[in-house]
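Engineer: I have a structure I would like to understand better, so I am pasting it below and will then ask my questions one at a time.
The values are calculated or read from the model by the stated rules, or taken from the named source; none is laboratory data. All values derive from a computational prediction rather than experimental measurement. Ideal geometry is used to build each Cβ from the backbone, glycine not excepted, and the neighbour counts take in all protein chains shown.
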Amino acid sequence: MSAELIELSNALAQATERAAANVVAVHAEARGSASGVIWRSGIIVTAEHALRRDEEIHATLPDARVVPATLVGRDPSTDLAVLKCAEASAAVTGFGDVTSLKPGSLTLVVGRTRASGPVAASSSNKASSAAWASICRSRRRRKVRSASGKVDS
């Protein structure tokens, strides 16, 4: 393997390790799990569609501890759910610049499973557009229906 590919491989492994420190496995059923991100201390964001029930939700933290999590709210239109978990404390420290993404840019997706720990996949970005960023910004301002049925901003 060429020196450039070895350098890229090592950089991807280091990026995976850094990102995995903020990624949890979320399980709301006996089998299977979804990945989630410790957005800030005590808050996990995950995929709404992965939560088939609102109770008995657990998270496998980066240190492999399995701890309870409580559904705070979910928004099917954006496929986001917010969980509260006091033990989740390693919040994301920084984000990349999404405006620099172009078709063909390398992307790295990091997740976590209940059984195997961190997992990663690399690919090239298929498409980017200012319209998608605009839609995301407006969707984030939408209201999220909490688990109690109350609508929160």
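Engineer: So for segment 55-75 (the condition being touching a Gly at 6+ places or on another chain (Cβ under 9 Å), closer than 12 Å to Val37 by Cα, surrounded by fewer than 17 Cβ atoms within 10 Å (Cβ to Cβ) and not small (Gly, Ala, Ser)), does at least one residue qualify? Lay out the reasoning, then the answer.
Structural biologist: Restricting attention to segment 55-75, the residues satisfying the condition of being touching a Gly at 6+ places or on another chain (Cβ under 9 Å) are 59-60, 62, 64, 69.
From what is left, the residues that are closer than 12 Å to Val37 by Cα are 59-60, 62.
With surrounded by fewer than 17 Cβ atoms within 10 Å (Cβ to Cβ) added as a condition, the list becomes none.
Within segment 55-75, not a single residue is touching a Gly at 6+ places or on another chain (Cβ under 9 Å), closer than 12 Å to Val37 by Cα, surrounded by fewer than 17 Cβ atoms within 10 Å (Cβ to Cβ) and not small (Gly, Ala, Ser).
Engineer: Continuing with the same structure: From His27, His49, grab the single residue that is touching a strand residue (DSSP E or B) at 6+ places or on another chain (Cβ under 9 Å), surrounded by 18 or more Cβ atoms within 10 Å (Cβ to Cβ) and closer than 22 Å to Val109 by Cα.
Structural biologist: Details: His49 fails: surrounded by 18 or more Cβ atoms within 10 Å (Cβ to Cβ).
From the options His27, His49, the qualifying one is His27.
Engineer: Could you go through segment 90-101 and let me know if any residue there is surrounded by 10 or more Cβ atoms within 10 Å (Cβ to Cβ), touching a strand residue (DSSP E or B) at 6+ places or on another chain (Cβ under 6 Å) and not charged (D, E, K, R).
Structural biologist: yes
For (1) in contact (Cβ under 8 Å) with a residue 12 or more places away in the chain; (2) more than 13 Å from the chain's Cα centre (by Cα), each residue gets a yes or a no:
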position	(1), (2)
Ala3	no, yes
Ala11	no, yes
Gln14	no, yes
Arg18	no, yes
Val23	yes, no
Glu29	yes, yes
Ser33	yes, no
Ile38	yes, no
Gly42	yes, yes
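Engineer: Assuming Ser33 fulfils every condition listed in (1) at pLDDT 90 or above; (2) buried (at least 16 other Cβ atoms within 10 Å of the Cβ); (3) within 24 Å of Leu12 (Cβ to Cβ); (4) not charged (D, E, K, R) apart from one, which condition is it?
Structural biologist: Only one criterion is unmet by Ser33, namely (1).
Engineer: Also: Which residues, counting only those in segment 22-77, are among the β-branched types (Val, Ile, Thr) and closer than 19 Å to Phe95 by Cα?
Structural biologist: Filtering segment 22-77 down to residues among the β-branched types (Val, Ile, Thr) leaves 23-24, 26, 37-38, 43-46, 57, 60, 66-67, 70, 72.
The answer is Val23, Val24, Val37, Ile38, Ile43, Ile44, Val45, Thr46.
Engineer: Need a quick list: strands (runs of 3 or more DSSP E) entirely within segment 78-147 having at least 2 residues that are modelled with pLDDT under 75. Lay out the reasoning, then the answer.
Structural biologist: Working: elements: 80-84, 106-113, 117-124, 144-146.
Here the list reads 144-146.
Engineer: Any idea which of (1) assigned to a strand (DSSP E or B); (2) modelled with pLDDT of 90 or more; (3) not β-branched (Val, Ile, Thr) is the one Pro62 doesn't satisfy?
Structural biologist: (1)
Engineer: May I pose another question? Here's a check for you: in segment 36-46, which residue that is under 11 Å from Glu87 (Cα atoms) and of a type in the set (Gly, Ala, Ser) is surrounded by the fewest Cβ atoms within 10 Å (Cβ to Cβ)? Before the answer, list the steps.
Structural biologist: Initially, segment 36-46 is screened for residues under 11 Å from Glu87 (Cα atoms), giving 38, 41-44.
This time we only want the ones that are of a type in the set (Gly, Ala, Ser), so: 41-42.
On the way: Ser41: 11, Gly42: 15.
The qualifying residue surrounded by the fewest Cβ atoms within 10 Å (Cβ to Cβ) is Ser41.
Engineer: Further question: When residues of segment 84-124 are filtered for being closer than 25 Å to Ala50 by Cα and of a type in the set (D, E, K, R), how many remain?
Structural biologist: Qualifying residue count for the region: 4.
Engineer: Read through the list (1) basic (Lys, Arg); (2) closer than 30 Å to Lys126 by Cα; (3) under 15 Å from the mean Cα position of the chain (by Cα), then give the number of the only condition that Lys84 fails.
Structural biologist: Single failed check for Lys84: (2).
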